[in-house]
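**Student:** The structure that follows is given in the form of structure tokens.
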Amino acid sequence: MGLQWDWVREKSLHIPSEFTKTAKPYSLPLNRTALEVLKERQERTVKHVTHVFTVDGGLWNRVKVGRAWQPVLANAGVPHMPPPDFCRHLHQV
């Protein structure tokens with residue numbers, strides 16, 4: 001899954017029920033920063049038809065992201081840690 005263009009409506013995001021853990025649709029307002037990021041993504045020359053965040057116009061591939069993550073950790077001197085765990089650790093610091 002990834003953020004899809006048809007979920008973005010003016011200044012809010014509407015996630016369909018089939019993509020939420022509760023099986024209920026979810027809406028949330030978008031702040032100025034989020035709107036600026038979406039505008040920048042919309043204006044890119046290489047843009048995916050359905051998804052907002054892509055790699056060179058193609059969908060994210062978890063394997064590629066995972067492989068790219070390992071050298072980042074090694075260069076930082078951090079032991080193996082999946083990206084979600086690393087983010088949780090940063091929030092605790």
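**Student:** If you scan the stretch 39-59, which residues turn out to be part of a loop (DSSP other than H, G, I, E, B) and surrounded by 10 or more Cβ atoms within 10 Å (Cβ to Cβ)?
**Tutor:** Selection gives Arg44, Lys47, His48, Thr50, Val52, Phe53, Thr54, Gly57, Leu59.
**Student:** If I filter the stretch 63-74 for residues that are modelled with pLDDT of 75 or more, open to solvent by 60 Å² or more (accessible area, probe 1.4 Å) and outside any helix (DSSP H, G or I), do I get at least one hit?
**Tutor:** No, every residue in the stretch 63-74 fails to be modelled with pLDDT of 75 or more, open to solvent by 60 Å² or more (accessible area, probe 1.4 Å) and outside any helix (DSSP H, G or I).
**Student:** Here's a check for you: in the stretch 75-84, which residue that is modelled with pLDDT under 75 and surrounded by 10 or more Cβ atoms within 10 Å (Cβ to Cβ) is farthest from Arg9 (Cα to Cα)?
**Tutor:** The selected residue is Met81.
**Student:** Could you count how many residues in the stretch 6-36 are open to solvent by less than 60 Å² (accessible area, probe 1.4 Å) and within 24 Å of Gly57 (Cα to Cα)?
**Tutor:** Summing the residues that are open to solvent by less than 60 Å² (accessible area, probe 1.4 Å) and within 24 Å of Gly57 (Cα to Cα) in the stretch 6-36 gives 10.
**Student:** Can you tell me which residue is farthest from Glu10 (Cα to Cα) among those in the stretch 21-37 that are assigned to a loop (DSSP other than H, G, I, E, B) and of a type in the set (D, E, K, R)?
**Tutor:** The residue in question is Lys21.
**Student:** Give all pairs with beta carbons closer than 8 Å in which a residue from the stretch 23-52 that is touching a residue at least 60 places away in the same chain (Cβ under 8 Å) and hydroxyl-bearing (Ser, Thr, Tyr) meets a residue that is surrounded by 14 or more Cβ atoms within 10 Å (Cβ to Cβ) and in a helix (DSSP H, G or I); count only pairs at least 6 apart in sequence or on separate chains.
**Tutor:** Within 8 Å, no pair qualifies.
The values are calculated or read from the model by the stated rules, or taken from the named source; none is laboratory data. Because the structure is a prediction, the values reported are computed rather than measured. Counting neighbours? That spans all protein chains shown, and the Cβs are built from the backbone with ideal geometry, glycine included. Each accessible area value is taken on the protein alone, full model and side chains, heavy atoms only, with ligands, DNA and RNA left out. Shrake-Rupley method; radii C 1.70, N 1.55, O 1.52, S 1.80 Å.
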